[in-house]
Amino acid sequence: MADILLLHHGVYGHTRQICERLQSDLVSLGHRADVVPLAGGDADPAACDVVVIGASIRNGKHNPAVVDFIRANRALLESKPSAFFSVNLVARKPAKNTAETNPYVKAFIARSPWKPKLVGVFGGDLDYQRYGFWDRHIIRLIMTITGGPTDLQTKVDYTDWDKVRAFAGQVAAMAPARPS
């Protein structure tokens, strides 16, 4: 049984929801998993066997707090099994839902001083009614440009939950074996 830390940074709670699903899957695989906010959380990454960071895209970028955390903890992240996943609406498209094809993840990994051992990409959820006025209209403009839904009543979850479960299995496989 490994201790796995699932750190999340998002805006509307979907990244946390993905971490909670990962937690459930990891626990069912026999591991201990804690879900903690990346910013303001009280977890000690040094005390864990595996660290996973999940972050969403907002206005075309991952939050600077994610990069700040990585810079501050780079040596630790590189010293143990670690993974990263991104949540973004571009990943709703089959041609843009892998680490090699998603433009946000490619840019993030290129700029990041940390190179995670495992990288995942999950589609986010689109819920216009949850967004504030400006976000609602910016996202609608992006959806217009990219051929997505523009009806302001739209609520759709683009997350491939089977892919999340598979990612949990990959994270579990990274965990170091502990003596019984």
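Structural remarks
- Residue within region 42-58 that is free of Cβ contacts under 8 Å to residues at least 12 places away in the same chain, surrounded by fewer than 18 Cβ atoms within 10 Å (Cβ to Cβ), assigned to a helix (DSSP H, G or I) and not acidic (D, E) present: no
- Of T15, T98, all but one fail to be assigned to a loop (DSSP other than H, G, I, E, B), of a type in the set (S, T, N, Q) and within 30 Å of H137 (Cβ to Cβ); the exception is T98.
- V87 among the hydrophobic types (A, V, I, L, M, F, W, C), crowded, with 17+ Cβ neighbours inside 10 Å and at pLDDT 95 or above: yes
- Residues that are loosely packed, with under 13 Cβ neighbours inside 10 Å and over 30 Å from A75 (Cα atoms), drawn from region 98-139: Q129, G132, F133, W134
- Residue match in region 73-89 (condition: in contact (Cβ under 8 Å) with a residue 60 or more places away in the chain, outside the structural domain of H137 (by TED's automatic domain parsing), in contact with a helix residue (DSSP H, G or I) (Cβ under 9 Å, 6 or more places away or on another chain) and among the aromatic types (F, W, Y)): yes
- Residue that is farthest from N59 (Cα to Cα), among those in region 101-128 that are touching a residue at least 60 places away in the same chain (Cβ under 8 Å) and part of a loop (DSSP other than H, G, I, E, B): P116
The values are calculated or read from the model by the stated rules, or taken from the named source; none is laboratory data. What you see is a predicted model; the values in this text were computed from it and never measured. Counting neighbours? That spans all protein chains shown, and the Cβs are built from the backbone with ideal geometry, glycine included.
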